[in-house]
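Chemist: Sharing a structure with you now.
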Amino acid sequence: VFGYLWGLARFFTMAAALDTVSAFEGMGASREALFSCLAEPTLLLGLLALAREAASFSLSDMLSVSLIRVWALHAPALCLVIAALIVVFLTENARIPIDDPATQLARTMIHEVMVLDHGGPDLALIEYASAVKFFALGTILVRMVHPIRSTEFWPGAAHLLLGLVILSIVVGVIESTMARFRLNRIPQFLTLSFVLSGFGVILTLVTAP
């Protein structure tokens, strides 16, 4: 369900870009369709590795405190999955080295070029959706790295907020120390993330107790 909702959100963003009848936004939608075909399998494989260890397809079970036991048994596999999901996180949120939302070259944009002709409430909804994407994928990454969950609401919320702040700092460091990849290098980078996620799944199978 999570994967399909994620794809449905992308579909509507691409449809809105095509509805403007702009050559640049149509070009961005085409790139979005291509790179999503490489990013989504990585995300699904990473979730599959978690689902196998949790014996459940529920995100609450996959990201529960049982991950502490998974870290003890399959730390290398989880490290590979986390590395792959970080690539997906950067891709989905239009961050360097995949995309640069601050550039003025529309011909080299991926995500941001699809919203160049939007304004008002439509642009506000798109920006809000981008924030939701950052929060959703960021929460999964934070829970994978720090699976300890408090029984009370406010301490747990504080831990999650602190994790998201640290993740934001890591993204800032990546953007400050790396340059954006050329467009023909991005598919190779996403394919590498798929391989890492696949190896993570294999390791959970091979090292099963």
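The values are calculated or read from the model by the stated rules, or taken from the named source; none is laboratory data. A quick note: this is a predicted structure, and the numbers were derived from the prediction, not measured. Here the Cβ is made from the backbone with ideal geometry for all residues, glycine too, and neighbour counts use every protein chain on show. Keep in mind that these areas ignore ligands, DNA and RNA; they rest on the heavy atoms of the full protein, side chains included. Shrake-Rupley method; radii C 1.70, N 1.55, O 1.52, S 1.80 Å.
Chemist: Counting only protein heavy atoms and a 1.4 Å probe, tell me what percentage of the chain's accessible area is made up of carbon and sulfur.
Modeler: Carbon-and-sulfur percentage of accessible area, whole number: 72.
Chemist: Shifting gears a bit: How high is the FRET efficiency from residue 71 to residue 5, r the C-beta distance, R0 22 Å, rounded to 0.05?
Modeler: The formula returns an efficiency of 0.20 here.
Chemist: For the full complex of protein chains and a 1.4 angstrom probe, list 71, 154, 6 by accessible area with the highest value first.
Modeler: Details: 71 70, 154 195, 6 30 Å².
Sorted descending by solvent-accessible area, the residues read 154, 71, 6.
Chemist: Now for a different question. 7 Å from Cα along Cα→Cβ at both residue 152 and residue 127: what's the point-to-point distance in nm?
Modeler: Output for this residue pair reads 3.6 nm.
Chemist: Calculated FRET efficiency, residue 55 and residue 181, Cβ-Cβ r, R0 25 Å, to nearest 0.05? Let's see the in-between values first.
Modeler: On the way: r = 38 Å, r/R0 = 1.51.
Plugging the Cβ-Cβ distance into 1/(1 + (r/R0)^6) gives 0.10.
Chemist: For helix 186-206, report the angle its Cα long axis makes with the longest principal axis of the Cα atoms of the chain; keep it between 0 and 90° and round to the nearest 10°.
Modeler: So the inclination is approximately 20 degrees.
Chemist: For the chain, just the Cα set please: Rg and Dmax, both in angstrom.
Modeler: Here Rg and the maximum Cα pair distance are 17.7, 56 Å.
Chemist: What does the charge add up to near residue 122, with Lys and Arg as +1, Asp and Glu as -1, over the other residues with Cβ less than 14 Å from its Cβ?
Modeler: -4
Chemist: Build a GNM of the chain with springs between Cα atoms under 10 Å: which of 125, 78, 190 gets the top mean-square fluctuation?
Modeler: 125
Chemist: In degrees between 0 and 90, to the nearest 10, how far off the longest principal axis of the chain does helix 67-92 point, with axes built from Cα atoms?
Modeler: Around 0 degrees separate the two axes.
Chemist: Evaluate the Debye formula for region 1-73 with equal point scatterers sitting on the alpha carbons, no solvent, and hand back log10 of I(q)/I(0) at q = 0.13, 0.16, 0.28 Å⁻¹, in q order, two decimals.
Modeler: Taking Cα atoms of region 1-73 as identical point scatterers yields -0.53, -0.66, -1.19.
Chemist: Compute the accessible area per residue over the chain, keeping the other protein chains in place, probe 1.4 Å, unit Å².
Modeler: For the chain, the solvent-accessible area averages 54 Å² per residue.
Chemist: For a Förster distance of 30 Å, can you work out the FRET efficiency between the beta-carbons of residue 165 and residue 37, rounded to the nearest 0.05?
Modeler: 0.40
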